[in-house]
Amino acid sequence: MATGTHEYNDDERNASIQINVNGELFPRNEAKVSVFDSGFVLGDGVWEGLRLHEGKLVFLEQHLDRLWEGAKALDFEPGISQKELTQRLNDTLAANNMHSDVHIRLMVSRGIKATPYQDPRVTISAPTIVIIAEYKSPKPSTLSKGVELFTVHVRRGGPDIQDPQINSHSKLNCIIACIQATKAGADEALMLDTQGFVATCNSTHFFIIKNGEVWTSSGNYCLHGITRGNVIDLCKSNGITVHEKTFSLTETYSAEEAFVTGTFAGIAPVTQIDGRKIGTGKRGTQTKKLQDLYLQLLDTEAGITRV
């Protein structure tokens, strides 16, 4: 059975983690938010997935800038400075004695409502900020053997419907896409834009290698992914031709290689789409090269030099 691009090995240490709710630490089974919280009632909030690599929250500034931009678009302030939130993140990691191979879910909702109604004006508290840090690493098979995708009917809409640039708690379209892909026996959903061009996946960003060039979508119908942007920059700095452009499933099926990117797994090869083998059906040499370059980038970001 497919388990998705975020498959990981269970770690017994996660049973006793401390979760930060509004600056206060709680044992995992005692961490709670109100049933009147905007995030629970309506999915009204923003979030980020962060990675702790060798003692460093990598690309933290980029993630926090995106979080603040999303909150601004939703017309609320997190109620805390980026410096204060960084300290709260570090305090949470210290309380859990965490150093590396940790994935953090940072969630900020509009706050508690006086009544379960969508109007932001019935919010009666400061924003709710939750930090969940868990020991998580992608399974090696995800990075070597790759994943399979299925193209779903659910489209990525434009900013006039629900702007995909906002990393909001409201992810129902992605959830429906994920369900459809799972029912089809795939690991993740490949989603098209309103014109039928390839846009992104339900929880990762999508790339192909075509005629030796790296292609990804125009970016108009997907979140401005941090890992996506870093991979594009890696291509440019290492002499690899890269394009952000529109392309179709027809062009995708005949690609030499394909891969997905995300904070959790970094870069994972795609070996099959809609039952069609991509390239050789195995991780390609260009994908492996980019994986190695990305691991080097993580080490550089963390200030690590390996011999």
Quiz item: Per the Kirkwood definition applied to all pairs of different Cα atoms, how many angstroms is the hydrodynamic radius of the stretch 1-79?
Solution: 15.5 Å
Quiz item: Among the DSSP beta bridges whose two residues both lie in the stretch 12-135, what percent are antiparallel, rounded to the nearest 5?
Solution: 100 percent
Practice problem: Find how much the distance from Gln296 to Ile175 grows on full extension, using 0.36 nm per residue of separation minus their present alpha carbon separation; answer in nm with one decimal. | Solution: 40.3 nm
Quiz item: Assuming R0 = 35 Å, what is the FRET efficiency of Asn90 and Val122, from their Cβ-Cβ distance, to the nearest 0.05?
Solution: 0.55
Self-check item: Computed helical MRE - 222 nm, the chain, DSSP H runs ≥ 4 contributing -39500 (n - 2.57), nearest 500
Solution: -8500 deg cm²/dmol
Quiz item: Among the listed pairs Lys236/Lys289; Lys145/Lys277; Lys183/Lys288; Lys145/Lys289; Lys83/Lys171, which are separated by more than 18 Å between their Cα atoms?
Solution: Lys183/Lys288; Lys83/Lys171
Self-check item: Distance histogram for the chain (every C-alpha pair counted, 10 angstrom bins, percent rounded to whole numbers)
Solution: 6, 26, 34, 25, 9, 1
Quiz prompt | Crossing angle, helix 82-95 versus the chain [Cα axis fit, 0-90 degrees, rounded to tens] | solution = 90 degrees
Self-check item: Nearest 10 degrees, 0 to 90: helix 172-183 Cα axis against the chain principal axis
Solution: 50 degrees
Practice problem: Express in nm, to one decimal, how much length is gained between Glu213 and Gln195 on full extension, taking 0.36 nm for each residue of separation and deducting their alpha carbon distance. | Solution: 4.2 nm
Quiz item: Which entries in Lys139/Lys282; Lys72/Lys245; Lys56/Lys245 show an alpha-carbon gap greater than 25 Å?
Solution: Lys72/Lys245; Lys56/Lys245
Quiz prompt | Phi-based couplings in Hz for the stretch 276-285 (Karplus 6.51, -1.76, 1.60; Gly and Pro marked x) | solution = 9, 5, 9, x, 7, x, 10, 4, x, 5
Self-check item: Residues Trp215, Trp68 arranged by fewest to most Cβ contacts within 10 Å
Solution: Trp68, Trp215
Self-check item: Burial ordering of Tyr221, Tyr8, Tyr253, Tyr117, fewest other beta-carbon atoms within 10 Å first
Solution: Tyr117, Tyr253, Tyr8, Tyr221
Quiz item: Once the Cα atoms of helix 226-237 and of the chain are each reduced to a long axis, what angle between those two axes, in degrees from 0 to 90 to the nearest 10, is obtained?
Solution: 40 degrees
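Throughout, read-outs are computed from the coordinates displayed, never taken from laboratory work. These numbers were taken from a predicted model, which means no experiment stands behind them. Virtual Cβ from ideal backbone geometry, glycine too; neighbours counted across all protein chains shown.
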